[in-house]
1. Over the chain, average the accessible area per residue using a 1.4 Å probe and give it in Å², no decimals.
2. Would you mind getting me the FRET efficiency between Gln227 and Arg133? Use the beta-carbon distance for r and R0 = 30 Å, nearest 0.05.
3. How far is it, in nm, from the label point at Ala188 to the one at Lys218 when both lie 7 Å from their Cα along the line to the Cβ?
4. Plugging the Kirkwood radius over Cα pairs into Stokes-Einstein for the range 128-183, at a temperature of 10 °C and a viscosity of 1.306 mPa s, what D comes out in µm²/s?
5. On the full set of protein chains, 1.4 Å probe, figure out the accessible area of Lys191 and give it in Å² to the nearest 10.
6. Before anything else, pin down the relative contact order of the range 183-272: Cα pairs under 8 Å, at least 6 apart, normalised by residue count, whole percent.
7. Count charges around Lys180 for me, please; just the other residues with Cβ under 13 Å from its Cβ, Lys/Arg as +1, Asp/Glu as -1.
8. Would you mind telling me the share, in percent, of accessible area of the chain contributed by carbon and sulfur at probe 1.4 angstrom?
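The values are calculated or read from the model by the stated rules, or taken from the named source; none is laboratory data. Keep in mind that this is a model prediction, so the values were computed, not measured. Please note: Cβ atoms are built from the backbone with ideal geometry, for glycine as well, and neighbour counts cover all protein chains shown. To get the accessible areas, we keep the full protein, side chains included, count just its heavy atoms, and leave off ligands, DNA and RNA. Shrake-Rupley method; radii C 1.70, N 1.55, O 1.52, S 1.80 Å.
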Amino acid sequence: AVMGELWRGRFWILASVIVCTAAFSAIAFLTTPVYRATAVLMPAGADRGIGVGELGGAFGQLSGLMSLAGINLGSAATTTEESLAVLRSQQFIESFILDNGLMPLLFADQWDSARKTWAVPERNRPTPRKAFRYFSRKVMSVTQDRKTGLVTLQIQWKDREQAAEWANELVQRINAEMRKRAIKQSSASIKYLQDEFNKTSEVSIREAISRLIEAQIKQRMLATVTQEYAFRFVDKASPPDKDERVKPRRRLLVASGFLLGLALGSAGVLLAGALGPRK
């Protein structure tokens, strides 16, 4: 009986399939494609740092002084976590967006490209904070493999070239930011230690402080000359091919339209058959 009902309503089912498939096909081929550019990174923190062995007895004698001087004996993992936190931070991402003038691109539907101004009232205009939320949730993703330590930075965007450029520039900017912070911290530590060196006359303490100062000078020199300070490129981001779309997934959409049309058409025919005799 069911098959008979379906056969009698085959033209309605066919019409439903055609309409739904056409609608989903239009979405699949008219929606602006989104691409993904990926950069693979290795944390560089393991290549530097002050070790207890390097400082010798200075660590035991002046642990309190080192803490006051801001000298960090943390592990490479801690340094990497800090770099990742800065990379995901609102201040860092907002700076990237504003420096590159990305607000009109991120909110293109609210931007009048002909007049080079916002097409919405001032109270409705997007803010850097909104741009940060959109970028960090929809455009950029950062993950770390706990086993290998490798960090993957991905940018999803409608422009293939821009996606790769943004990914690589973000890595360059985080390296520059962490270098700047390291140089500033080392310089402050050196100044503090030099002041403490001048205040004491005890030979063993002066020797220990001298080793601390020497280690900090090495740290500052390393930060000054090392471009890939926080992360090293294992694989730079490159523009994906045109057919490497993240979305829309055209085949899946077309198949979904076909199946939805078939289901709706069949359900409609069976429902009409069930209600028909009662009327």
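1. Value for the chain: 60 Å² per residue.
2. 0.45
3. My value for the distance between the label points is 2.3 nm.
4. For the chosen part, D equals 125 µm²/s.
5. Its accessible surface works out to 130 Å², give or take rounding.
6. So the answer I get is 26 percent.
7. Result for the neighbourhood of Lys180: +4.
8. Reported share for carbon and sulfur atoms: 56 percent.
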